[in-house]
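Structure, as structure tokens:
The values are calculated or read from the model by the stated rules, or taken from the named source; none is laboratory data. If you're wondering where the values come from, they're calculated on a predicted model, not measured in any experiment. Positions of Cβ are generated from backbone atoms using ideal geometry, with glycine treated the same way; all protein chains shown enter the neighbour counts. Note: areas computed on protein heavy atoms with side chains; ligands, DNA, RNA excluded. Shrake-Rupley method; radii C 1.70, N 1.55, O 1.52, S 1.80 Å.
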Amino acid sequence: MAPDFPPHPMRFTERRVLDRSVEQFVEGALATDAETSNIEGYAISQLVTEMCAAVVLDRTALNSTHPLAERLCDRADAVISQQCRDPNLTPALVAEEVGVALRTLQISYAESGSSIAREIRRHRTRLAHSLLTDDRYRPLTIGEIAEHAGFRSPMSLRRALDEVYRTTPKALRRIAHEPR
């Protein structure tokens, strides 16, 4: 979700818009006395994780000595992480969000031995794996999990899980929910 931390600690005295936004969101979430459902709790924890990763990415990208290609991939990975649930997310849209030409981003990923499409699929697969093994999402069907993770069909989800984890959605769910 975020690039590696820099080798030496950095201290920032000025607070940026993103810093203040994360702070306000967390304060608002903690200030409520309302009971939250499991799904709400999960969503809030995911949002806080993604927001904090964006802060780290923002700060390290500005002060990075990493090559441009690596910084572009880091920025694209943050976009993919935040938007992988959208089945219409394409490499062209990722490049547009990052603010570079599609070909430039493709070359950056090729230098690392990957591709934009492969990273979108990897993020979706990790999300689906997380949802399938989380008890809070057990009531959802495999098709609903596929939809929530950005896959166009349960078969696409099945192929992705087989490719990355060498398992099926049903087998993964069964193993995750076996009594211990």
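Return the only residue of Ala101, Ala95, Ala110 being in contact with a Ser or Thr (Cβ under 9 Å, 6 or more places away or on another chain) and among the hydrophobic types (A, V, I, L, M, F, W, C).
Working: Ala101 fails: in contact with a Ser or Thr (Cβ under 9 Å, 6 or more places away or on another chain); Ala110 fails: in contact with a Ser or Thr (Cβ under 9 Å, 6 or more places away or on another chain).
Ala95 is the lone residue from the list that is in contact with a Ser or Thr (Cβ under 9 Å, 6 or more places away or on another chain) and among the hydrophobic types (A, V, I, L, M, F, W, C).
Would you call Ile145 within 15 Å of Tyr165 (Cβ to Cβ), surrounded by 20 or more Cβ atoms within 10 Å (Cβ to Cβ) and not charged (D, E, K, R)? In short, yes. Pairs meeting the criteria (first residue in segment 78-99 and assigned to a helix (DSSP H, G or I), second residue surrounded by fewer than 16 Cβ atoms within 10 Å (Cβ to Cβ) and at pLDDT 95 or above, beta carbons under 7 Å, at least 6 apart or on different chains) are Pro91/Ala117. One residue stands out in segment 34-51 among those that are open to solvent by less than 70 Å² (accessible area, probe 1.4 Å), part of a helix (DSSP H, G or I) and more than 27 Å from Arg71 (Cβ to Cβ): the one that is modelled with the highest pLDDT, namely Ile44.
Is it the case, given these coordinates, that Glu119 is assigned to a helix (DSSP H, G or I) and under 26 Å from Met51 (Cβ atoms)? So Glu119 passes the test.
Table: residues versus (1) open to solvent by less than 50 Å² (accessible area, probe 1.4 Å); (2) farther than 25 Å from Leu89 by Cα; (3) of a type outside the set (Lys, Arg); (4) at pLDDT 80 or above.
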site	(1), (2), (3), (4)
Thr32	no, yes, yes, yes
Ala53	yes, no, yes, no
Arg71	no, no, no, yes
Arg75	no, no, no, yes
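For the structure I just gave you, tell me whether Arg122 is without any contact (Cβ under 8 Å) to a residue 60 or more places away in the chain, open to solvent by 50 Å² or more (accessible area, probe 1.4 Å) and within 20 Å of Tyr42 (Cβ to Cβ). No.
Met155 meets all of the listed conditions (1) surrounded by fewer than 14 Cβ atoms within 10 Å (Cβ to Cβ); (2) modelled with pLDDT under 95 but one, namely (2).
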